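Worksheet: one structure, shown below.
Since every read-out is calculated from the coordinates, none of them should be taken as a lab result. All values derive from a computational prediction rather than experimental measurement. Virtual Cβ from ideal backbone geometry, glycine too; neighbours counted across all protein chains shown.
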Amino acid sequence: MAQGRGSAVVGALIVCLLVLQFSAMARAAVYTVGGAQGWSFNVASWPKGKRFRAGDTFVFNYSPAAHNVVAVSRAGYSGCVAPRGSKVFGTGKDQIKLVKGQNYFICSLPGHCQSGMKIAVNAA
């Protein structure tokens, strides 16, 4: 009989953990970077006033012939440099999940980041 109760408790615990996991996923939001204008020049101020969470998805809409997206470190963001081996997104409809803490994105085409095609956000 004691073994049956233990199994029921374990089962209830698993169900509770699954409910918590799914509720956290349901809270994740989807943001179109740059709003209606999309991923383009002068988007650095777009995140102002918005609150982001780890697991939120950023959608980068742009012309793949004209731009790209690279997730970089703080140094890559500040220096507008995508380190060798960085994953370069180039579909024009890229979806990237935010990680907890600072997230940095640039366009790595020459001159684009320097002209304001970069964003930095903090995800709680």
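Using the Cβ-Cβ distance between residue 65 and residue 120 with R0 set to 25 Å, the FRET efficiency from 1/(1 + (r/R0)^6) comes to roughly 0.45. About the centre of its Cα atoms, region 29-123 shows a dipole size close to 280 debye [charges on the beta carbon of Lys, Arg (+1) and Asp, Glu (-1) only; nearest 20 debye]. The shape of region 29-123 can be summarised by an equivalent ellipsoid whose semi-axes, obtained from the alpha carbon gyration tensor, come to 18, 15, 13 Å from longest to shortest.
Multiplying the residue separation of residue 95 and residue 51 by 0.36 nm and removing their Cα-Cα distance gives an extension gain of 14.0 nm.
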